Amino acid sequence: MFAVSAATAGGAGPTRGPAPLRPSPRAGIRGDGVGALSRVHYGRGYVNAFWDDGCFCMTFGDGEGDTHPLTSIDVAGHEMTHGVTAATADLVYSGESGALNEATSDILGSMVEFHADLPADTPDYLIGEKLDLFGDGRPLRRMDRPSADGESPDSWYRGIGRLDVHNSSGVANHFFYLLAEGSGPKDINGVPYDSPTRGGITVTGIGREQAAAVWYRALTVHMTSTTDYAGARTATLRAAAELYGANGEAYDAVGAAWAAVNVGAVLPTMPVVTHPGDQVTPVGTPAELLIAAPTAAGAPTFSAEGLPAGLAIDAGTGRIAGTPTGAGSTTVTVTATFASGATADTRFTWAVTDGTGPCPSARLLGNGDFESGTAAPWTATSGVVDADPGQSAHGGAWKAWLNGYGSSRTDTLTQTVTVPAGCRATLAYWLHVDSAEDTDKVIFDRLTVTVNGTQLAAHSNLDRADGYTRRTVDLSAYAGQTVTLTFKGTEDFSLRTSFVLDDLAVEIGD
Ligand SMILES: [Zn+2]
């Protein structure tokens, strides 16, 4: 009775890529073969059911007037799943991790209902529909359209962690429904569904067996106690890749289903090459640069034009290496050609210096516009590199969005760069500050800019304004040094402030 159906979901095999991992059957809730007790007829008119780690048991009330016991199979599966979660990822029961904890129980509880397939309780994506808690036949929650309960959001937004976990869970429930069944009108066992998606994104479902196996593996292998929605996206993508192959249909569906609930973008199947920033290299000194093409379009073949003499690109890895033999400045174009025949390129300046001429004019920092859709070569906390239309980019679609949650949170964005000797250098960035703080005097949320740990600039909720402003920090004192630039946004427990950065560069010149 206590085996969660997803534990034994075998999956339908690989679509593309390597042989799948087979999920192994789970030996009971805790994985130790020990059964859990259920206590019923609890209290008087008690309209709830709950799992208790302390007694490793469940308790069920008899509901309003002791006439609607909360013992339907989806609710029982929900409570048992809380035990599975406690024994695995152990998601903290508040904020976004709490939302994922609750959603895991709704998801696997519903999979229990589908697995049991009872004529008296035909399987559906409604939660507690047999309990009639409202007296009008409405279910407690709907996975396909969480907003049907009037309180749960259909999509993720910053600050969702402030909601009750039974409402913020809706985003993951919605994700799971879309992953299993896909978007568009459907009739399943007589219940009509037409799940909404952000921006009308089309999601092709991969079926309940695969979807449940992906969630179960993400929960038991990749999620931790503090996993948030961005982390759940990563965890499920990893699980899908491991079970059904990287770049397989299940993997793509996971990305699309999260995008449809506003967690991350649709994986870029459009070819893209990350802009590495301009390069400045002393003559006669070995140089190395890795060009990246982060995309779901597969591994490309690289070629380069205009490289300084002495340098060459590895077609398979995109690694440019060698020792430049003569001073001068060239424009380099690196082209990535994908298996489909599609190409993408990026263009930058490569200056080779011999210490005699003026400092070359160049804009350092890789992926300064974030248009690769991934962080590298930046290091960023989850959710920072972002294409959510809730805040517009300064240029293109992507930007770095720090904070904006309205709860205690620190976001960082970091990159290391070498400032050429003998050059003037300026860190330039476009900043938009959007704040719900209504004070003109008190700083609650702040963004600091540090260079090798020394703070050189600070912004706060007091800088809130429409649109972007160009900001600069003088880095000339760091000429000849390798420096780590860190943007750190710190938000207090209430009233959100967003620090949105775009089009960053370290501009050097004479
Ligand atoms: Zn629960």
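Checking the condition crowded, with 23+ Cβ neighbours inside 10 Å and either at pLDDT below 95 or among the aliphatic types (A, V, I, L, M) (or both), which residue from Ala246, Ala241, Ala260, Ala230 passes?
Going through Ala246, Ala241, Ala260, Ala230 in turn, the sole match is Ala260.
Select, from Val483, Val451, Val419, the only residue that is buried (at least 16 other Cβ atoms within 10 Å of the Cβ), touching a helix residue (DSSP H, G or I) at 6+ places or on another chain (Cβ under 6 Å) and within 30 Å of Thr356 (Cβ to Cβ).
That would be Val419, the only listed residue that is buried (at least 16 other Cβ atoms within 10 Å of the Cβ), touching a helix residue (DSSP H, G or I) at 6+ places or on another chain (Cβ under 6 Å) and within 30 Å of Thr356 (Cβ to Cβ).
Identify, please: which residue in region 133-148 is in contact with a strand residue (DSSP E or B) (Cβ under 9 Å, 6 or more places away or on another chain) and open to solvent by less than 10 Å² (accessible area, probe 1.4 Å) and is, among those, farthest from the ligand (Cβ to nearest atom)?
My answer is Asp144.
Return yes or no: is Arg409 of a type in the set (D, E, K, R) and at pLDDT below 95?
Against the criterion (of a type in the set (D, E, K, R) and at pLDDT below 95), Arg409 qualifies.
If I filter region 79-89 for residues that are in a loop (DSSP other than H, G, I, E, B), without any contact (Cβ under 8 Å) to a residue 60 or more places away in the chain and not assigned by TED's automatic domain parsing to the domain that holds Leu133, do I get at least one hit?
Checking region 79-89: not a single residue is in a loop (DSSP other than H, G, I, E, B), without any contact (Cβ under 8 Å) to a residue 60 or more places away in the chain and not assigned by TED's automatic domain parsing to the domain that holds Leu133.
What about Asp314, is it acidic (Asp, Glu) and touching a Ser or Thr at 6+ places or on another chain (Cβ under 6 Å)?
no
Residues in region 464-510 that are without any contact (Cβ under 8 Å) to a residue 60 or more places away in the chain and more than 18 Å from Trp378 (Cβ to Cβ): how many?
Residues that pass the stated criteria total 11.
Can you go through Thr224, Thr202 and tell me which one is open to solvent by 40 Å² or more (accessible area, probe 1.4 Å) and modelled with pLDDT of 95 or more?
That would be Thr224, the only listed residue that is open to solvent by 40 Å² or more (accessible area, probe 1.4 Å) and modelled with pLDDT of 95 or more.
So in region 149-169, with the set limited to residues that are modelled with pLDDT under 95 and hydrophobic (A, V, I, L, M, F, W, C), which one is nearest to the ligand (Cβ to nearest atom)?
Leu163
Given region 133-222, what helices (runs of 4 or more DSSP H) lie entirely inside it while holding 3 or more residues that are outside the structural domain of Val384 (by TED's automatic domain parsing) and more than 30 Å from Ala27 (Cα to Cα)?
none
Which of the numbered conditions does Tyr93 fail, given that it passes all the others? Conditions: (1) more than 15 Å from the ligand (Cβ to nearest atom); (2) modelled with pLDDT of 95 or more; (3) open to solvent by 50 Å² or more (accessible area, probe 1.4 Å).
Failed condition: (1).
Given the conditions (1) farther than 12 Å from Met143 by Cβ; (2) open to solvent by less than 10 Å² (accessible area, probe 1.4 Å), and given that Ala86 satisfies all but one, which numbered condition is not satisfied?
Unmet condition: (2).
Output the residues belonging to region 48-62 that are within 13 Å of the ligand (Cβ to nearest atom), without any contact (Cβ under 8 Å) to a residue 24 or more places away in the chain and not in a strand (DSSP E or B).
Within region 48-62, just Asn48 meets the criteria.
Looking at Gly65, Gly45, which is the one that is away from the ligand (no atom under 13 Å from the Cβ), open to solvent by 10 Å² or more (accessible area, probe 1.4 Å), in a helix (DSSP H, G or I) and not assigned by TED's automatic domain parsing to the domain that holds Asp228?
Gly65
Which of (1) among the polar types (S, T, N, Q); (2) within 11 Å of the ligand (Cβ to nearest atom); (3) exposed (fewer than 15 other Cβ atoms within 10 Å of the Cβ) is the odd one out, the single condition Thr104 does not satisfy?
(3)
Which members of region 71-90 meet the condition of being under 25 Å from the mean Cα position of the chain (by Cα) and away from the ligand (no atom under 11 Å from the Cβ)?
Val84, Ala86, Ala87, Thr88, Ala89, Asp90, listed by residue number.
Restricting to region 287-309, give me the number of residues that are among the β-branched types (Val, Ile, Thr) and assigned to a strand (DSSP E or B).
Here the count works out to 1.
Among residues belonging to region 310-324 that are open to solvent by less than 30 Å² (accessible area, probe 1.4 Å) and in a loop (DSSP other than H, G, I, E, B), point out the one that is farthest from Asp252 (Cα to Cα).
Going through the qualifying residues, I end up with Pro324.
The values are calculated or read from the model by the stated rules, or taken from the named source; none is laboratory data. Since the structure is predicted, the reported quantities are computational estimates derived from the model, not experimental observations. Cβ: placed from backbone, ideal geometry, glycine included. Neighbour counts: every protein chain shown. Side chains are part of the model used for accessible areas, which takes the heavy atoms of the whole protein and leaves out ligands, DNA and RNA. Shrake-Rupley method; radii C 1.70, N 1.55, O 1.52, S 1.80 Å.
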